[in-house]
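Peer 1: I have a structure I would like to understand better, so I am pasting it below and will then ask my questions one at a time.
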Amino acid sequence: MKKILVTGGTGYIGSHTAVALLEKGYQVIVADNLYNSDERVLDAIAQITGVRPLFENVDVADEAACMQLFRRHADIEAVIHFAAYKSVNESVVKPLDYYRNNLDSLMRVLRGMEAVGCHKMVFSSSCTVYGQPETLPVTEDMPYQDASCPYGNTKRIAEEILKDIVRADGMKNDAHPSLKVLLLRYFNPIGAHASALIGELPNGVPNNLMPFITQTAAGIRPRLSVFGSDYDTPDGTPQRDYIHVCDLADAHVCAMEYLFSDGFSGWDAFNIGCGRPYGVLDVIRSFEKMSGVKLPYEIVGRRPGDIEKIWGNVEKAKRVLGWQAKRDLDEMTLSAWQWQRHLQEKA
Ligand code: UFG
């Protein structure tokens, strides 16, 4: 049974990925400092899969603690590295915290991998590395553009660090790198597991669209503000490539299988999205249809830093990883609503 370390494994995407890995028979070790998540997520994972992943309460940005983690689990065969701060707004206010945490954690994990001879990593990246692309859908070979926030910059810099390390490893090993790194560039993950036992748990007032919608529908927020209707898009609102978090989790399983195959060495990057754009009003309409709840909302001014439109060309992930998204927007909004209702029932 292959042993995989999932850093940030109690977080939103990490927990869904842990479920997907366990269901495929991988042994999962979750490392998380619970900064932005809850240990009870492990109970939910156990309830869904029948297996409770081994949990390590570790801040992987802490050099000594991270090294000890790897020493305790020297037989780890691959790492999926999610652990990072992820708020765009907060990163603008606390850039140093973001650079320190997101880059330190990556480098500590890479040192740990080196120490125990672990050569495989899936890195949690973002379509934010493309900025506002000039042509759409965006392909993986498009150059990096200004991410317009420190959070986005940490993803671009982390990708560059990983590429440099793979290059150095190739030079050491006669152009045949032993290190294998997959950069998964997520578009906009929304939704929750069909069991409604795990989902997104934002701290305080949500910044992202989907949790704001579900909290508004639940009466926690008075109304949703739609940030701008004067964009050059079909309904005037910004377009995004929304992807169900369970499809995203499945992409990690496919990435893992690819890492363990003989056909790959070095690094590669993949867009992980549905490959089609939706406006904010499309998401609202889908939510209202699936939940039966009328959503109070108003159109307000643009949100600073928002790009107009982005969606991915996802052919490469299909061709190389054998992965494609299966769940549509209605399934995303319905599952997000079921998760919100589960939270309310528990409260
Ligand atoms: N939106 C609203 N009202 C809200 C929240 C969002 O109208 O209350 C709109 C935004 O203007 C945007 C869309 O909903 O058009 C999606 O916004 P999100 O905040 O959910 O997502 P973003 O596309 O802004 O950000 C996401 C991730 C980031 C990542 C970025 C890359 O959350 O981590 O994509 O483009 F960096």
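The values are calculated or read from the model by the stated rules, or taken from the named source; none is laboratory data. As the structure is a prediction and not an experimental result, all values here were calculated from the model. With ideal geometry, Cβ positions are generated from the backbone for all residues, glycine too; neighbour counts draw on all protein chains shown. Heads up: the accessible areas ignore ligands, DNA and RNA and are worked out on the full protein's heavy atoms, side chains in. Shrake-Rupley method; radii C 1.70, N 1.55, O 1.52, S 1.80 Å.
Peer 1: At 222 nm, what helix-only mean residue ellipticity would the chain give, in deg cm²/dmol to the nearest 500, using -39500 (n - 2.57) for each DSSP H run of four or more?
Peer 2: Values: 10 runs with 136 residues, N = 347.
Calculated from helices alone, the mean residue ellipticity at 222 nm is -12500 deg cm²/dmol.
Peer 1: Here is a further query. In a Gaussian network model over the chain where Cα atoms closer than 10 Å are linked, find which of K86, K326, K120 has the largest mean-square fluctuation.
Peer 2: Result for the chain, Cα springs under 10 Å: K326 fluctuates most.
Peer 1: If you don't mind, another one. Relative contact order of segment 86-205, please, whole-number percent, based on alpha carbon pairs below 8 angstrom and at least 6 residues apart.
Peer 2: This gives 30 percent for segment 86-205.
Peer 1: Tally up the carbon and sulfur contribution to the accessible surface of segment 132-179 as a whole percent, 1.4 Å probe, everything protein left in place.
Peer 2: That fraction is 54 percent.
Peer 1: Moving to a separate point now. For segment 167-223, what are the per-bin percents of Cα-Cα distances with bins 5 Å wide, up to the bin holding the maximum?
Peer 2: 4, 14, 15, 15, 10, 7, 5, 8, 10, 6, 4, 2, 0
Peer 1: Distance in nm between label sites at S178 and K3, each 7 Å beyond Cα in the beta-carbon direction?
Peer 2: Placing both labels 7 Å beyond Cα along the Cβ direction yields 1.8 nm.
Peer 1: What are the residues whose amide H is under 5 Å from the amide H of V58, where those residues sit 5 or more places off or on another chain and H is modelled from the backbone?
Peer 2: Counting only residues 5 or more places away or on other chains, the set is D32, N33.
Peer 1: Return the Cα extents of segment 199-336 along principal axes one, two and three, sorted largest first, each rounded to a whole Å.
Peer 2: 54, 30, 27
Peer 1: Note down the net charge around Y130, summing +1 for each Lys or Arg and -1 for each Asp or Glu among other residues with Cβ under 12 Å from its Cβ. The partial results should precede the final answer.
Peer 2: Values: positive: K155, R156, R185, K309; negative: E134, E140, D141, D146, E159, D241.
After counting each charged neighbour, the total is -2.
Peer 1: Output ³J(HN,Hα) for segment 144-154: one whole-Hz value per residue in order, computed from phi by the Karplus curve 6.51 cos²θ - 1.76 cosθ + 1.60 with θ = phi - 60°, and x for Gly and Pro.
Peer 2: The phi angles translate into 4, 10, 3, 7, 6, 7, x, 4, x, 4, 4 Hz.
Peer 1: Please report, in Å, the Rg and the Dmax of segment 80-175, where both are computed over Cα atoms only.
Peer 2: When restricted to the Cα atoms of segment 80-175, Rg and Dmax are 14.6, 44 Å.
Peer 1: Can you pick out the pairs among K326/K346; K155/K294; K172/K326; K294/K316 whose Cα atoms lie more than 32 Å from each other?
Peer 2: In this structure, K155/K294; K172/K326; K294/K316 lie more than 32 Å apart at Cα.
Peer 1: Something else about it: Given a 1.4 Å probe, how much area per residue of the chain is accessible, in Å²?
Peer 2: For the chain, the per-residue accessible area is 43 Å².
Peer 1: Same structure again: Return a whole-number percent for the relative contact order of the chain, with Cα pairs under 8 Å and 6 or more residues apart as the contact set.
Peer 2: 18
Peer 1: Which residue, L179, G279, V92, has the largest displacement toward the positive end of the dipole of the chain when charges sit on each Cβ (Lys, Arg +1; Asp, Glu -1)?
Peer 2: G279
Peer 1: Roughly how large, in nm² to one decimal, is the mean projection of the convex hull of the alpha-carbon atoms in the chain? Please report the intermediate quantities before stating the final value.
Peer 2: Numbers: hull surface 66.0 nm².
For the Cα atoms of the chain, the hull's average projected area reads 16.5 nm².
Peer 1: Related question: Given the chain, what percent of its DSSP beta bridges are antiparallel, to the nearest 5?
Peer 2: Percent antiparallel among DSSP bridges in the chain is about 5.
Peer 1: What are the ³J(HN,Hα) values, in whole Hz, obtained from phi via the Karplus relation 6.51 cos²θ - 1.76 cosθ + 1.60 with θ = phi - 60°, for each residue of segment 107-120 in sequence order, with x given for Gly and Pro?
Peer 2: The phi angles translate into 5, 5, 5, 5, 5, x, 4, 4, 4, 9, x, 9, 10, 10 Hz.
Peer 1: Find the percent of Cα-Cα distances in segment 147-277 that exceed 18 Å, and round it to a whole number. Let's see the in-between values first.
Peer 2: Working: 5900 of 8515 pairs.
Of the Cα pairs, 69 percent sit more than 18 Å apart.
Peer 1: How large, in percent, is the carbon and sulfur part of the accessible surface of segment 235-347 at a probe radius of 1.4 Å?
Peer 2: Carbon-and-sulfur percentage of accessible area, whole number: 47.
Peer 1: Among A74, A20, A336, which one shows the highest mean-square fluctuation when the chain is modelled as a Gaussian network with alpha-carbon springs under 10 Å?
Peer 2: Maximum fluctuation in the GNM of the chain, among the listed residues, is at A74.
Peer 1: Please provide three numbers in whole Å: the alpha-carbon extents of segment 1-45 along the principal axes, with the largest listed first.
Peer 2: 29, 17, 15
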